[in-house]
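> Got a structure for you, written out below as C-alpha coordinates; questions coming shortly.
The values are calculated or read from the model by the stated rules, or taken from the named source; none is laboratory data. Quantities reported herein were computed from a predicted structural model and do not represent experimental measurements. Every residue, glycine as well, gets a Cβ built from its backbone with ideal geometry; the counts of neighbours run over all protein chains shown.
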Amino acid sequence: MILGLRTLSRARGFATASSVNGFTEAVGNTPLIYLKTLSEKIGSSIYGKAEFQNPGGSVKDRAALGVIRDAEERGLIKPGGTVVEGTAGNTGIGLAHVCRAKGYNCVIYMPNTQSQEKIDLLRMLGADVRPVPAVAYDNPQNYNHLARDYALTLDNAIWTDQFDNTANAYAHYVSTGPEIWAQTQGDLDGFICATGTGGTLAGVGKYLKEKSGEKTQIWLADPPGSVLTSYVNSGGKLIERSGSSITEGIGQGRITNNLGTFVNELSGAFTIPDEKSIAMVYELLHTEGLYVGASTALNVVAAAQLAAKLGKGSKVATILCDGAYRYQSRLFSKTWLKAKGLRDAIPEHLQKYAVL
Ligand code: PMP
(Lines give C-alpha, C1' and ligand atoms only; values in the text may rest on other atoms or scores of the structure.)
Protein backbone atom coordinates (compact mmCIF):
# COMPACT_ATOMS: atom_id res chain seq x y z
CA MET A 1 0.00 0.00 0.00
CA ILE A 2 1.27 3.45 -0.91
CA LEU A 3 0.75 5.91 1.94
CA GLY A 4 -1.41 8.87 0.97
CA LEU A 5 -0.73 12.39 2.20
CA ARG A 6 -3.61 12.14 4.64
CA THR A 7 -1.99 9.12 6.28
CA LEU A 8 1.42 10.80 6.36
CA SER A 9 0.07 13.93 7.93
CA ARG A 10 -1.32 11.80 10.72
CA ALA A 11 1.99 9.97 11.27
CA ARG A 12 2.86 10.07 14.92
CA GLY A 13 6.07 9.73 16.85
CA PHE A 14 8.27 11.98 14.69
CA ALA A 15 10.18 15.03 15.85
CA THR A 16 8.72 18.37 14.85
CA ALA A 17 10.86 21.20 13.56
CA SER A 18 10.33 24.80 12.53
CA SER A 19 11.04 26.44 9.19
CA VAL A 20 14.25 28.47 9.19
CA ASN A 21 15.89 30.98 6.89
CA GLY A 22 19.14 29.56 5.51
CA PHE A 23 22.09 27.54 6.87
CA THR A 24 22.92 29.81 9.77
CA GLU A 25 19.43 29.64 11.27
CA ALA A 26 19.56 25.85 11.02
CA VAL A 27 22.49 25.74 13.48
CA GLY A 28 21.43 24.72 17.00
CA ASN A 29 18.07 23.66 18.41
CA THR A 30 19.16 20.01 18.31
CA PRO A 31 17.21 17.25 20.07
CA LEU A 32 18.22 15.92 23.49
CA ILE A 33 18.19 12.14 23.18
CA TYR A 34 17.39 9.96 26.20
CA LEU A 35 19.76 7.00 25.88
CA LYS A 36 17.18 4.39 26.76
CA THR A 37 19.07 1.10 26.81
CA LEU A 38 22.08 2.51 28.63
CA SER A 39 19.91 4.37 31.15
CA GLU A 40 17.84 1.29 31.95
CA LYS A 41 21.01 -0.79 32.32
CA ILE A 42 22.64 1.56 34.84
CA GLY A 43 19.50 2.76 36.65
CA SER A 44 20.16 6.46 35.98
CA SER A 45 19.08 8.76 33.15
CA ILE A 46 21.67 9.66 30.50
CA TYR A 47 20.81 12.32 27.91
CA GLY A 48 22.86 13.13 24.79
CA LYS A 49 22.60 16.45 22.98
CA ALA A 50 22.45 15.45 19.30
CA GLU A 51 24.98 17.92 17.93
CA PHE A 52 25.59 15.69 14.90
CA GLN A 53 22.25 17.06 13.67
CA ASN A 54 23.68 20.52 13.08
CA PRO A 55 23.71 21.32 9.33
CA GLY A 56 27.52 21.02 9.08
CA GLY A 57 27.41 17.79 11.09
CA SER A 58 29.02 18.70 14.42
CA VAL A 59 28.98 20.66 17.66
CA LYS A 60 31.52 23.04 16.08
CA ASP A 61 28.92 24.62 13.78
CA ARG A 62 27.83 26.67 16.81
CA ALA A 63 31.35 27.93 17.54
CA ALA A 64 31.99 28.67 13.85
CA LEU A 65 28.83 30.73 13.60
CA GLY A 66 29.52 32.36 16.98
CA VAL A 67 33.01 33.61 16.13
CA ILE A 68 31.98 34.93 12.71
CA ARG A 69 28.88 36.72 14.08
CA ASP A 70 30.98 38.27 16.83
CA ALA A 71 33.52 39.55 14.28
CA GLU A 72 30.69 41.00 12.18
CA GLU A 73 29.11 42.73 15.17
CA ARG A 74 32.45 44.26 16.11
CA GLY A 75 32.97 45.45 12.53
CA LEU A 76 36.09 43.30 12.05
CA ILE A 77 34.87 41.74 8.81
CA LYS A 78 32.73 43.12 6.00
CA PRO A 79 31.00 41.46 3.03
CA GLY A 80 33.51 39.73 0.74
CA GLY A 81 36.07 39.36 3.55
CA THR A 82 38.25 36.37 4.42
CA VAL A 83 38.06 34.02 7.41
CA VAL A 84 41.34 32.29 8.32
CA GLU A 85 41.75 29.48 10.85
CA GLY A 86 44.24 26.80 11.82
CA THR A 87 42.22 23.63 12.27
CA ALA A 88 42.34 19.97 11.35
CA GLY A 89 38.72 19.13 11.86
CA ASN A 90 35.16 20.09 12.63
CA THR A 91 35.81 23.80 13.21
CA GLY A 92 37.17 24.15 9.69
CA ILE A 93 34.18 22.31 8.27
CA GLY A 94 31.76 24.53 10.25
CA LEU A 95 33.62 27.69 9.17
CA ALA A 96 33.67 26.60 5.52
CA HIS A 97 29.89 26.08 5.59
CA VAL A 98 29.20 29.42 7.30
CA CYS A 99 31.57 31.21 4.88
CA ARG A 100 29.70 29.82 1.87
CA ALA A 101 26.36 30.76 3.41
CA LYS A 102 27.56 34.30 4.15
CA GLY A 103 29.75 34.87 1.10
CA TYR A 104 33.18 35.01 2.77
CA ASN A 105 36.42 33.44 1.57
CA CYS A 106 37.72 30.69 3.84
CA VAL A 107 41.39 29.79 4.28
CA ILE A 108 42.31 26.76 6.40
CA TYR A 109 45.84 25.92 7.57
CA MET A 110 46.24 22.33 8.77
CA PRO A 111 49.05 19.90 9.58
CA ASN A 112 49.99 17.83 6.53
CA THR A 113 49.42 14.65 8.55
CA GLN A 114 45.63 14.93 8.14
CA SER A 115 43.54 12.48 6.13
CA GLN A 116 42.85 13.14 2.47
CA GLU A 117 39.09 12.88 3.23
CA LYS A 118 39.26 15.96 5.45
CA ILE A 119 41.26 17.95 2.91
CA ASP A 120 38.87 16.91 0.13
CA LEU A 121 35.77 17.79 2.16
CA LEU A 122 37.09 21.26 3.02
CA ARG A 123 38.01 21.87 -0.63
CA MET A 124 34.56 20.70 -1.74
CA LEU A 125 33.12 23.27 0.68
CA GLY A 126 35.11 25.93 -1.15
CA ALA A 127 37.91 26.44 1.40
CA ASP A 128 41.46 27.27 0.36
CA VAL A 129 43.26 24.46 2.24
CA ARG A 130 46.94 24.89 3.06
CA PRO A 131 48.60 21.76 4.48
CA VAL A 132 51.82 22.68 6.31
CA PRO A 133 54.48 20.62 8.14
CA ALA A 134 53.21 19.31 11.49
CA VAL A 135 55.35 21.07 14.12
CA ALA A 136 54.73 21.78 17.82
CA TYR A 137 52.74 24.78 19.08
CA ASP A 138 55.86 26.58 20.34
CA ASN A 139 57.35 26.55 16.83
CA PRO A 140 56.44 29.75 14.88
CA GLN A 141 55.74 27.52 11.84
CA ASN A 142 52.87 25.75 13.68
CA TYR A 143 49.65 25.87 11.62
CA ASN A 144 47.87 28.08 14.17
CA HIS A 145 50.56 30.76 14.04
CA LEU A 146 50.74 30.58 10.25
CA ALA A 147 46.95 31.16 10.09
CA ARG A 148 47.25 34.23 12.35
CA ASP A 149 50.24 35.61 10.43
CA TYR A 150 48.49 35.18 7.09
CA ALA A 151 45.30 36.92 8.30
CA LEU A 152 47.44 39.89 9.39
CA THR A 153 48.67 40.35 5.81
CA LEU A 154 45.13 40.78 4.43
CA ASP A 155 42.62 43.62 4.50
CA ASN A 156 39.08 42.73 5.64
CA ALA A 157 40.13 39.41 7.18
CA ILE A 158 39.91 37.72 10.56
CA TRP A 159 41.80 34.91 12.27
CA THR A 160 39.02 33.21 14.22
CA ASP A 161 41.37 31.81 16.90
CA GLN A 162 39.03 29.09 18.16
CA PHE A 163 41.10 28.17 21.24
CA ASP A 164 41.39 31.61 22.79
CA ASN A 165 38.56 33.62 21.22
CA THR A 166 35.83 33.45 23.87
CA ALA A 167 33.09 34.12 21.32
CA ASN A 168 33.34 30.32 20.98
CA ALA A 169 32.31 29.54 24.58
CA TYR A 170 29.78 32.38 24.45
CA ALA A 171 28.00 30.67 21.52
CA HIS A 172 27.39 27.67 23.81
CA TYR A 173 26.44 29.90 26.76
CA VAL A 174 23.65 31.49 24.71
CA SER A 175 22.50 28.42 22.75
CA THR A 176 23.55 24.90 23.83
CA GLY A 177 23.27 25.66 27.57
CA PRO A 178 19.76 27.22 27.45
CA GLU A 179 18.55 24.44 25.13
CA ILE A 180 19.70 21.71 27.55
CA TRP A 181 18.16 23.60 30.47
CA ALA A 182 14.81 23.88 28.68
CA GLN A 183 14.90 20.28 27.42
CA THR A 184 15.48 18.92 30.96
CA GLN A 185 13.23 21.52 32.63
CA GLY A 186 16.24 22.32 34.76
CA ASP A 187 16.12 18.92 36.44
CA LEU A 188 19.71 17.82 35.90
CA ASP A 189 22.24 16.54 38.44
CA GLY A 190 25.28 16.58 36.22
CA PHE A 191 26.75 17.65 32.90
CA ILE A 192 30.03 16.27 31.55
CA CYS A 193 31.92 16.48 28.26
CA ALA A 194 35.41 16.39 26.83
CA THR A 195 37.22 19.52 25.65
CA GLY A 196 39.27 20.53 22.67
CA THR A 197 39.04 24.30 22.84
CA GLY A 198 36.94 24.09 26.01
CA GLY A 199 34.19 26.19 24.42
CA THR A 200 31.42 23.62 24.82
CA LEU A 201 32.24 22.66 28.41
CA ALA A 202 32.75 26.21 29.69
CA GLY A 203 29.79 27.73 27.80
CA VAL A 204 27.26 25.02 28.69
CA GLY A 205 28.71 24.45 32.16
CA LYS A 206 28.63 28.11 33.16
CA TYR A 207 25.01 28.49 32.02
CA LEU A 208 23.77 25.34 33.78
CA LYS A 209 25.62 26.22 36.98
CA GLU A 210 24.18 29.71 37.10
CA LYS A 211 20.62 28.64 36.24
CA SER A 212 20.56 25.72 38.67
CA GLY A 213 22.07 27.71 41.52
CA GLU A 214 25.00 25.26 41.63
CA LYS A 215 22.72 22.19 41.78
CA THR A 216 23.99 20.82 38.46
CA GLN A 217 27.56 19.60 38.89
CA ILE A 218 29.87 20.18 35.93
CA TRP A 219 32.59 17.59 35.21
CA LEU A 220 35.27 17.22 32.57
CA ALA A 221 35.98 14.07 30.53
CA ASP A 222 39.45 13.58 29.07
CA PRO A 223 41.16 11.21 26.65
CA PRO A 224 44.61 9.79 27.53
CA GLY A 225 47.35 12.26 26.63
CA SER A 226 45.45 15.31 27.88
CA VAL A 227 46.63 17.18 30.97
CA LEU A 228 43.28 18.51 32.17
CA THR A 229 42.14 15.64 34.42
CA SER A 230 45.29 15.84 36.48
CA TYR A 231 45.04 19.66 36.50
CA VAL A 232 41.48 19.56 37.87
CA ASN A 233 42.01 16.72 40.34
CA SER A 234 45.31 18.11 41.69
CA GLY A 235 43.81 21.55 42.26
CA GLY A 236 45.72 23.27 39.47
CA LYS A 237 49.05 21.57 38.72
CA LEU A 238 49.92 21.59 35.02
CA ILE A 239 51.93 18.51 34.03
CA GLU A 240 53.92 17.78 30.86
CA ARG A 241 51.78 16.30 28.08
CA SER A 242 52.46 12.62 27.31
CA GLY A 243 50.57 9.70 25.75
CA SER A 244 47.98 9.72 23.00
CA SER A 245 44.45 8.66 22.11
CA ILE A 246 42.44 7.49 19.11
CA THR A 247 39.79 10.14 19.87
CA GLU A 248 40.03 13.12 17.50
CA GLY A 249 39.27 16.76 18.30
CA ILE A 250 39.66 16.49 22.08
CA GLY A 251 42.40 16.55 24.70
CA GLN A 252 44.43 19.58 25.66
CA GLY A 253 47.90 20.52 26.91
CA ARG A 254 47.07 23.94 28.34
CA ILE A 255 44.29 26.05 29.84
CA THR A 256 42.81 27.84 26.83
CA ASN A 257 41.04 31.20 27.17
CA ASN A 258 37.78 29.43 26.41
CA LEU A 259 38.18 27.14 29.40
CA GLY A 260 39.65 30.03 31.36
CA THR A 261 38.84 30.37 35.07
CA PHE A 262 35.83 28.10 34.63
CA VAL A 263 38.28 25.22 35.00
CA ASN A 264 38.37 26.04 38.74
CA GLU A 265 34.60 25.64 39.02
CA LEU A 266 34.57 22.03 37.82
CA SER A 267 33.53 19.40 40.37
CA GLY A 268 35.98 16.84 38.98
CA ALA A 269 37.34 15.05 35.93
CA PHE A 270 37.74 11.53 34.55
CA THR A 271 40.20 10.15 32.01
CA ILE A 272 38.51 7.55 29.83
CA PRO A 273 40.79 4.90 28.26
CA ASP A 274 40.48 4.27 24.51
CA GLU A 275 39.33 0.68 25.16
CA LYS A 276 36.14 1.98 26.81
CA SER A 277 35.55 4.68 24.18
CA ILE A 278 35.84 2.31 21.22
CA ALA A 279 33.58 -0.28 22.88
CA MET A 280 30.97 2.46 23.42
CA VAL A 281 31.13 3.47 19.71
CA TYR A 282 29.93 -0.06 18.93
CA GLU A 283 27.52 -0.27 21.89
CA LEU A 284 25.76 2.98 20.92
CA LEU A 285 25.35 1.67 17.39
CA HIS A 286 24.05 -1.72 18.49
CA THR A 287 21.71 -0.70 21.30
CA GLU A 288 20.69 2.90 20.57
CA GLY A 289 21.02 3.00 16.77
CA LEU A 290 23.47 5.92 16.98
CA TYR A 291 26.41 6.12 14.55
CA VAL A 292 28.79 8.45 16.38
CA GLY A 293 32.48 9.35 16.58
CA ALA A 294 34.89 8.44 19.36
CA SER A 295 34.66 11.74 21.28
CA THR A 296 30.91 11.18 21.57
CA ALA A 297 31.47 7.63 22.83
CA LEU A 298 34.00 8.92 25.38
CA ASN A 299 31.43 11.48 26.57
CA VAL A 300 28.79 8.79 27.05
CA VAL A 301 31.16 6.50 29.00
CA ALA A 302 32.01 9.49 31.20
CA ALA A 303 28.33 10.38 31.67
CA ALA A 304 27.58 6.85 32.91
CA GLN A 305 30.58 7.06 35.23
CA LEU A 306 29.38 10.39 36.61
CA ALA A 307 25.85 9.02 37.11
CA ALA A 308 27.31 6.14 39.14
CA LYS A 309 29.14 8.67 41.28
CA LEU A 310 26.06 10.86 41.80
CA GLY A 311 23.91 7.87 42.76
CA LYS A 312 21.16 5.68 41.31
CA GLY A 313 18.34 7.61 39.67
CA SER A 314 20.56 10.61 38.88
CA LYS A 315 20.16 12.58 35.64
CA VAL A 316 23.25 13.40 33.58
CA ALA A 317 23.59 15.09 30.17
CA THR A 318 26.46 15.07 27.70
CA ILE A 319 27.26 16.00 24.10
CA LEU A 320 26.94 13.76 21.04
CA CYS A 321 29.59 15.74 19.13
CA ASP A 322 29.48 14.29 15.61
CA GLY A 323 28.73 11.23 13.50
CA ALA A 324 31.12 8.38 12.75
CA TYR A 325 31.17 9.17 9.00
CA ARG A 326 34.33 11.28 9.29
CA TYR A 327 36.24 8.46 10.99
CA GLN A 328 34.65 5.28 9.67
CA SER A 329 37.68 4.13 7.65
CA ARG A 330 39.43 3.84 11.01
CA LEU A 331 36.80 3.04 13.64
CA PHE A 332 35.19 0.25 11.61
CA SER A 333 38.36 -1.22 10.08
CA LYS A 334 39.55 -4.55 11.48
CA THR A 335 43.14 -3.80 10.39
CA TRP A 336 43.19 -0.38 12.03
CA LEU A 337 41.64 -1.67 15.25
CA LYS A 338 44.21 -4.45 15.39
CA ALA A 339 47.09 -2.05 14.74
CA LYS A 340 45.89 0.10 17.64
CA GLY A 341 45.52 -2.95 19.90
CA LEU A 342 41.80 -2.24 20.28
CA ARG A 343 40.18 -5.20 18.49
CA ASP A 344 39.74 -7.14 21.73
CA ALA A 345 38.24 -4.13 23.49
CA ILE A 346 35.10 -4.62 21.38
CA PRO A 347 32.77 -7.25 22.86
CA GLU A 348 32.52 -10.43 20.75
CA HIS A 349 28.85 -9.93 19.78
CA LEU A 350 29.60 -6.40 18.45
CA GLN A 351 32.62 -7.32 16.30
CA LYS A 352 30.31 -7.95 13.33
CA TYR A 353 30.02 -4.17 12.88
CA ALA A 354 33.74 -3.89 12.01
CA VAL A 355 33.06 -4.51 8.33
CA LEU A 356 35.93 -2.60 6.73
N1 PMP B 1 34.48 16.36 19.66
C2 PMP B 1 34.88 16.62 18.40
C3 PMP B 1 34.73 15.53 17.38
C4 PMP B 1 35.44 17.85 18.08
O5 PMP B 1 35.86 18.09 16.81
C6 PMP B 1 35.61 18.83 19.09
C7 PMP B 1 36.24 20.15 18.77
N8 PMP B 1 37.59 20.07 18.41
C9 PMP B 1 35.19 18.53 20.39
C10 PMP B 1 34.60 17.28 20.64
C11 PMP B 1 35.41 19.47 21.56
O12 PMP B 1 34.71 20.68 21.50
P13 PMP B 1 35.30 22.03 22.09
O14 PMP B 1 36.30 22.57 21.11
O15 PMP B 1 34.11 22.91 22.24
O16 PMP B 1 35.95 21.75 23.40
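> Search segment 277-327 for residues being within 16 Å of the ligand (Cβ to nearest atom) and over 16 Å from the mean Cα position of the chain (by Cα), and hand back the single one that is farthest from Leu188 (Cα to Cα). Step through it out loud before you land on a result.
Our first condition is that a residue be within 16 Å of the ligand (Cβ to nearest atom); within segment 277-327, this holds for 277-278, 280-281, 284, 290-303, 317-327.
Among the residues that remain, those that are also over 16 Å from the mean Cα position of the chain (by Cα) are: 278, 280, 284.
Numbers: Ile278: 27, Met280: 23, Leu284: 22 Å.
Per the stated criteria, the residue is Ile278.
> Looking for something free of Cβ contacts under 8 Å to residues at least 40 places away in the same chain and more than 22 Å from Ser226 (Cα to Cα) - is there at least one such residue anywhere in segment 290-306?
Scanning segment 290-306, I find at least one residue that is free of Cβ contacts under 8 Å to residues at least 40 places away in the same chain and more than 22 Å from Ser226 (Cα to Cα), so the answer is yes.
> Write out, first by first residue and then by second, each pair whose Cβ atoms fall under 9 Å of each other, whose residues are 6+ apart or on separate chains, and whose first residue, in segment 128-150, is within 19 Å of Ile255 (Cα to Cα) while the second is surrounded by fewer than 15 Cβ atoms within 10 Å (Cβ to Cβ) and of a type in the set (Ser, Thr, Tyr).
Asn144/Tyr137; His145/Tyr137
> Separate question: Among all residue pairs at least 6 apart or on different chains, which show Cβ distances below 7 Å where the first residue, located in segment 211-237, is modelled with pLDDT under 95 and the second is aromatic (Phe, Trp, Tyr) and buried (at least 17 other Cβ atoms within 10 Å of the Cβ)?
From residues that are modelled with pLDDT under 95, the pairs are Lys237/Tyr231.
> How many residues are aromatic (Phe, Trp, Tyr) and within 16 Å of the ligand (Cβ to nearest atom) if we restrict to segment 128-170? Give the steps one after another, and end with the answer.
Taking segment 128-170 and keeping what is aromatic (Phe, Trp, Tyr), we get 137, 143, 150, 159, 163, 170.
Among the residues that remain, those that are also within 16 Å of the ligand (Cβ to nearest atom) are: 137, 143, 163, 170.
Total satisfying the criteria: 4.
> Okay, moving on. Would you be able to say whether some residue in segment 243-253 is more than 18 Å from Gly89 (Cβ to Cβ), buried (at least 24 other Cβ atoms within 10 Å of the Cβ) and within 14 Å of the ligand (Cβ to nearest atom)? Before the answer, list the steps.
Our first condition is that a residue be more than 18 Å from Gly89 (Cβ to Cβ); within segment 243-253, this holds for 243.
Okay, now just the ones that are also buried (at least 24 other Cβ atoms within 10 Å of the Cβ), so none.
There is no residue in segment 243-253 that is more than 18 Å from Gly89 (Cβ to Cβ), buried (at least 24 other Cβ atoms within 10 Å of the Cβ) and within 14 Å of the ligand (Cβ to nearest atom).
> While we're here: Under 6 Å by Cβ, and 6 or more places apart or on different chains, what pairs join a residue from segment 92-105 that is over 18 Å from Asn156 (Cα atoms) with one that is assigned to a helix (DSSP H, G or I) and basic (Lys, Arg)?
As it stands, the answer is Gly94/Lys60, since those pairs meet every condition given.
> A follow-up question, please. Could we say that Lys211 is in a loop (DSSP other than H, G, I, E, B) and more than 20 Å from the chain's Cα centre (by Cα) here? Lay out the reasoning, then the answer.
Working: in a loop (DSSP other than H, G, I, E, B): no; more than 20 Å from the chain's Cα centre (by Cα): yes.
Considered against the rule, which asks whether it is in a loop (DSSP other than H, G, I, E, B) and more than 20 Å from the chain's Cα centre (by Cα), Lys211 comes out as no.
> If I ask for residues that are of a type in the set (A, V, I, L, M) and in contact (Cβ under 8 Å) with a residue 40 or more places away in the chain, which ones from segment 106-120 would you list? I'd like the intermediate steps shown before the answer.
Looking only at segment 106-120, we keep the residues that are of a type in the set (A, V, I, L, M), and these are 107-108, 110, 119.
Passing the criteria: only Val107.
> Out of (1) within 16 Å of the ligand (Cβ to nearest atom); (2) out of contact with any strand residue (DSSP E or B) (no Cβ under 9 Å at 6 or more places or on another chain); (3) of a type in the set (Ser, Thr, Tyr), what's the single condition that is false for Thr335?
It fails just one condition, (1).
> What are the pairs with Cβ atoms under 7 angstrom where one residue, in segment 244-266, is more than 14 Å from Phe163 (Cα to Cα) and in contact (Cβ under 8 Å) with a residue 60 or more places away in the chain and the other, located anywhere, is within 12 Å of the ligand (Cβ to nearest atom) and assigned to a loop (DSSP other than H, G, I, E, B)? Sequence gap at least six, or different chains.
Here the result reads Glu248/Gly89, each pair linking segment 244-266 to a residue that is within 12 Å of the ligand (Cβ to nearest atom) and assigned to a loop (DSSP other than H, G, I, E, B).
> Could I ask something else about it? Only one residue in Ser226, Ser230 is in a helix (DSSP H, G or I) and in contact with a Lys or Arg (Cβ under 8 Å, 6 or more places away or on another chain). Which one? Let's see the steps before the verdict.
Values: Ser226 fails: in a helix (DSSP H, G or I).
Matching residue, one of Ser226, Ser230: Ser230.
> Return the residues of segment 170-205 that are within 21 Å of Gly253 (Cβ to Cβ) and among the hydrophobic types (A, V, I, L, M, F, W, C); say none if nothing qualifies.
Scanning segment 170-205 gives Ile192, Cys193, Ala194, Leu201, Ala202.
> For Glu214, state whether it is more than 15 Å from Leu259 (Cα to Cα), acidic (Asp, Glu) and within 16 Å of the ligand (Cβ to nearest atom).
Numbers: more than 15 Å from Leu259 (Cα to Cα): yes; acidic (Asp, Glu): yes; within 16 Å of the ligand (Cβ to nearest atom): no.
Judged against the criteria, Glu214 is not a match.
> Consider segment 77-91. How many of its residues are out of contact with any Ser or Thr (no Cβ under 7 Å at 6 or more places or on another chain) and either near the ligand (Cβ under 10 Å from one of its atoms) or without any contact (Cβ under 8 Å) to a residue 24 or more places away in the chain (or both)?
The total comes to 4.
> Tell me which residues, restricted to segment 119-135, are buried (at least 17 other Cβ atoms within 10 Å of the Cβ) and part of a helix (DSSP H, G or I).
Ile119, Leu121, Leu122
Yes/no matrix, rows are residues, columns are (1) in contact with a strand residue (DSSP E or B) (Cβ under 7 Å, 6 or more places away or on another chain); (2) of a type outside the set (D, E, K, R):
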site: Arg130; (1), (2): yes, no
site: Asp138; (1), (2): no, no
site: Gly190; (1), (2): yes, yes
site: Gly203; (1), (2): no, yes
site: Glu210; (1), (2): no, no
